[in-house]
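Read through the structure below, which is laid out as structure tokens, and then see the notes.
Just so you know, all these numbers are worked out from the coordinates, no wet-lab data involved. Predicted model, so just to flag it, every value in this text is computed and none were measured. Note: ideal-geometry Cβ built from the backbone for every residue, glycine included; neighbour counts use all protein chains shown.
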Amino acid sequence: MIQTIQLFGLPFVNATPSTWYTHIKTLLHNNEKAFLVTANPELVLRSLRDPAYNRILRQATFITPDGIGVTAASKRMGEPLTATLPGIETARELLRTADTLQKRVFLLGGRPEVMKSLIKQLAIRFPDIQFVGTFHGFGKEAEAATALKAAQADLILVALGAPKQEQWIASVYDQVDHGLFIGVGGAFDVWSGHSKRAPKLFRTLKLEWLYRISSHPRGFEKLKDLLLFVLLVFRKKSHL
Ligand code: UDP
């Protein structure tokens, strides 16, 4: 049983990485249906500002703390989460398991050239996965939604960025009878080699977020949101 802690009006998974990974592997093994959201401060802010997006997040089966911002906020608010569970790691664990179990995987998102090289890389790294749908994320969303219905996919990775990816998942979720859905943000860019993960030093110092913000085209906007998030946490403390 996965425990949760209520923060910012959302139930966050409160588990060690090993408990969490074991849990999601079991979900995939058992062909369960689930909607996984990996929430960073930006996503949390959006859910507080946008009631329609908040309703979508409430449909999620699990919401995990993605990045140091949410776990640091949880400590400050007196409801400490056990660990950060980065979405990219969760998605990688799911792919490994999908390979071992020869599962059917569906991919949507990223630029066309990113999807092209991603398919090649994943086919080499995970030879036993059956890829039953591969659509880039610029204008292919409707086609992907139609294809998904016939694909009988066990694992669906959606890299459209927030809020698009959660909106897309919510729009198709009721139309299939099984499958693990997860929004993976910029993971396809990283896995395909089009954008690097933060250098080790940044990761060791838990400054991956700083590296990502500084190299993102909308970095300034993201920095503003992050500062707003920090202000919110300091002002509201545990009353959120
Ligand atoms: N993306 C996409 N379609 C879109 C917008 C974004 O496929 O309409 C992809 C983008 O190429 C990237 C990922 O979604 O691979 C994350 O995008 P972004 O960096 O804008 O989102 P964030 O990191 O802010 O969640």
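The number of residues in segment 159-183 being within 8 Å of the ligand (Cβ to nearest atom) and either part of a loop (DSSP other than H, G, I, E, B) or out of contact with any helix residue (DSSP H, G or I) (no Cβ under 9 Å at 6 or more places or on another chain) (or both) comes to 4.
For residue 56, indicate whether it is surrounded by fewer than 23 Cβ atoms within 10 Å (Cβ to Cβ) and either under 12 Å from the mean Cα position of the chain (by Cα) or in a helix (DSSP H, G or I) (or both). Can you show your working first?
Values: surrounded by fewer than 23 Cβ atoms within 10 Å (Cβ to Cβ): yes; either under 12 Å from the mean Cα position of the chain (by Cα) or in a helix (DSSP H, G or I) (or both): yes.
Yes: the conditions hold for residue 56.
Summed over segment 188-199, residues that are more than 8 Å from the ligand (Cβ to nearest atom) and either of a type in the set (D, E, K, R) or under 13 Å from the mean Cα position of the chain (by Cα) (or both) total 2. Screening the candidates 51, 41 for the property of being over 15 Å from the mean Cα position of the chain (by Cα), over 18 Å from residue 155 (Cβ atoms) and not polar (S, T, N, Q) yields one hit, 51. Applying the set (1) among the small types (Gly, Ala, Ser); (2) without any contact (Cβ under 8 Å) to a residue 24 or more places away in the chain; (3) closer than 21 Å to residue 94 by Cβ; (4) in a helix (DSSP H, G or I) to residue 144 leaves exactly one unmet item: (2). Scanning segment 105-128 turns up at least one residue that is buried (at least 23 other Cβ atoms within 10 Å of the Cβ), touching a His at 6+ places or on another chain (Cβ under 7 Å), in a loop (DSSP other than H, G, I, E, B) and in contact (Cβ under 8 Å) with a residue 24 or more places away in the chain. Restricting attention to segment 162-176, the residues that are under 13 Å from the mean Cα position of the chain (by Cα), of a type in the set (D, E, K, R) and over 17 Å from residue 136 (Cβ atoms) add up to 1.
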